[in-house]
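The values are calculated or read from the model by the stated rules, or taken from the named source; none is laboratory data. What you see is a predicted model, and the numbers here were worked out from it, not measured in a lab. Here the Cβ positions follow ideal geometry from the backbone for every residue, glycine too, while neighbour counts run over all protein chains shown. For accessibility, only protein heavy atoms count, side chains too; no ligands or nucleic acids. Shrake-Rupley method; radii C 1.70, N 1.55, O 1.52, S 1.80 Å.
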Amino acid sequence: MISFAFTPEQEDFRAALADFTRKSLLPEYVRRSASTEFPWDVHRELAKTGILGIGMPEEFGGTPDDPVMLGLATETLAYGDVNVAAAPVNLGLIGSQLLHGTREVQEEYLPPLINGDITVAIALTEPGSGSDASGLRTVATPVPGGWTLRGEKTAITWAMNAEACLVYARDPGSERSKGVSCFLVPLRQPGVTASHSMGMGCLPLGWGSLHFDEVFVPETHLIGEQGLGFRSVMNHFDFSRAALGLLCLGAARASLDEAARYAQQRQSFGRPLSDYQGVTFPLAEHETYMEAARTLCYKALWARQEGLPHTSLASMSKWWPPLVAKDAIEGAMRIHGNLGYSAEFPHQQRFRDVMAYLVADGTSEIQKRIIAADLLKRVGA
Ligand SMILES: Cc1cc2nc3c(=O)[nH]c(=O)nc-3n(C[C@H](O)[C@H](O)[C@H](O)COP(=O)(O)OP(=O)(O)OC[C@H]3O[C@@H](n4cnc5c(N)ncnc54)[C@H](O)[C@@H]3O)c2cc1C
């Protein structure tokens, strides 16, 4: 039997981050989340904790790769602010791909990313292809010294505040996953248009569409091998999916803690709410589901750290924990009565922010396809 304990270093790290979360994130979460402004001040503060460099080379300001630590960071930060907590996951996903880029690209982009001075988006989804990502139609046409890109990407997180974007585009005439490459495209250049889209949550993350009209990309900005970009991004999603499960659970933890506290203070029919099993049983049920979901996410991250197969575990961590978290937040809202619905309290905001992760990074149905395919293969006909 393995141990379920975190190492002393991980516990110390979590305690220090929890302090930052409670002092610097939680008090202003509701105000920040109602705005479409990206909170650069908080993002740079976050960078000072070193979190944005986990898994990145030390020469660029990073620290050793530790998927469990990154999960801990995400879960702990989400207790205070779901949107600020998205940054380390995003950086893990982007940074690990940039490590397959040229030295020039790494030197230009990794230090400011790790310092919190810029963000970089990732653009796979298009108006005509989301779950079926290999149906993307953006084309990269070879020209002397590089390629020109033409196409449109939609529903892109960070589209409005990113300095550059990892764009997936295909060789002319290629089909499905074959011939798809990944390019790092600076967004502040002629031919690129970014348009904001309003979502029900995650407002500060600058969700939007990116349109590329014959945008030149130099050879130096190809990330990974030409034509193999699709396979590469799927491998990196195996990490981000488990971290996103923990992000949702961190937010739900905050709402459930607040509901348990409120149930002991609020009087109804002459007694505290916590005297009624109609209130405490739902609390106990959410607590149970959250504990199980959390263990699943950390198992996925641990498997990644150990180099064990974890694609199926990552997909389990992406479809179930966000659902468990959403239900727990809804339960906490109901225990708060009218205050749970109030825009002055964080529960409705967390609910809307967490809903994003039932779709982003692959919907629940797509995760179940991955898990089922793994199961069917393992069992055989
Ligand atoms: C908040 C947010 C942030 C996002 N950020 C990014 C980003 O940064 N970069 C990026 O590239 N994309 C991003 N996306 C897009 C996201 O990845 C897609 O929305 C998602 O993959 C689903 O694609 P779709 O919206 O086109 O839905 P569709 O693929 O059209 O699916 C519609 C519905 O049908 C279901 N469905 C589809 N195919 C099947 C099937 N074979 N079996 C069963 N059910 C199926 C889906 O699960 C879904 O319920 C983001 C989305 C959201 C909501």
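Sub-7 Å Cβ pairs linking a first residue in segment 277-292 that is in contact (Cβ under 8 Å) with a residue 24 or more places away in the chain to a second residue that is open to solvent by 50 Å² or more (accessible area, probe 1.4 Å) and acidic (D, E), at least 6 apart or interchain, are H286/D327, ordered by first then second residue.
Here is a yes/no grid of residues against (1) touching a strand residue (DSSP E or B) at 6+ places or on another chain (Cβ under 8 Å); (2) in a helix (DSSP H, G or I); (3) under 25 Å from A121 (Cβ atoms); (4) more than 12 Å from the ligand (Cβ to nearest atom):
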position: M316; (1), (2), (3), (4): no, yes, no, yes
position: L323; (1), (2), (3), (4): no, yes, no, yes
position: D327; (1), (2), (3), (4): no, yes, no, yes
position: A332; (1), (2), (3), (4): no, yes, no, yes
position: M355; (1), (2), (3), (4): no, yes, yes, no
position: G362; (1), (2), (3), (4): no, no, yes, no
position: I366; (1), (2), (3), (4): no, yes, yes, no
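Cβ-Cβ contacts under 9 Å between residues 6 or more apart (or on different chains), taken from a first residue in segment 152-163 that is open to solvent by 10 Å² or more (accessible area, probe 1.4 Å) and more than 7 Å from the ligand (Cβ to nearest atom) to a second residue that is polar (S, T, N, Q) and assigned to a strand (DSSP E or B), are listed as E152/S209; T154/S209; M160/S195.
Of the residues making up segment 341-364, those that are under 23 Å from A284 (Cα atoms) and free of Cβ contacts under 8 Å to residues at least 24 places away in the same chain are Y341, Q348. Among the conditions (1) at pLDDT 95 or above; (2) assigned to a helix (DSSP H, G or I); (3) open to solvent by less than 40 Å² (accessible area, probe 1.4 Å); (4) among the hydrophobic types (A, V, I, L, M, F, W, C), the only one that V233 does not satisfy is (1).
Tell me, please, whether a residue that is in a helix (DSSP H, G or I), crowded, with 19+ Cβ neighbours inside 10 Å and either touching a residue at least 60 places away in the same chain (Cβ under 8 Å) or under 27 Å from the mean Cα position of the chain (by Cα) (or both) can be found in segment 205-219.
Looking for residues that are in a helix (DSSP H, G or I), crowded, with 19+ Cβ neighbours inside 10 Å and either touching a residue at least 60 places away in the same chain (Cβ under 8 Å) or under 27 Å from the mean Cα position of the chain (by Cα) (or both), one finds at least one in segment 205-219, hence yes.
The set of residues from segment 314-334 being open to solvent by 30 Å² or more (accessible area, probe 1.4 Å) and either among the aliphatic types (A, V, I, L, M) or out of contact with any Ser or Thr (no Cβ under 6 Å at 6 or more places or on another chain) (or both) comprises M316, W320, L323, K326, D327, E330, M333, R334. Based on what the data block shows, is G340 farther than 18 Å from Y289 by Cα and either away from the ligand (no atom under 16 Å from the Cβ) or outside any helix (DSSP H, G or I) (or both)? So G340 fits the description; yes.
Of all the helices (runs of 4 or more DSSP H) wholly in segment 22-141, which have at least 1 residues that are over 30 Å from P172 (Cβ atoms), open to solvent by less than 10 Å² (accessible area, probe 1.4 Å) and not hydroxyl-bearing (S, T, Y)? Walk me through how you get there before you give the answer.
Numbers: elements: 29-33, 40-48, 67-80, 86-98, 103-114.
Ranges flagged: 40-48, 67-80, 86-98, 103-114.
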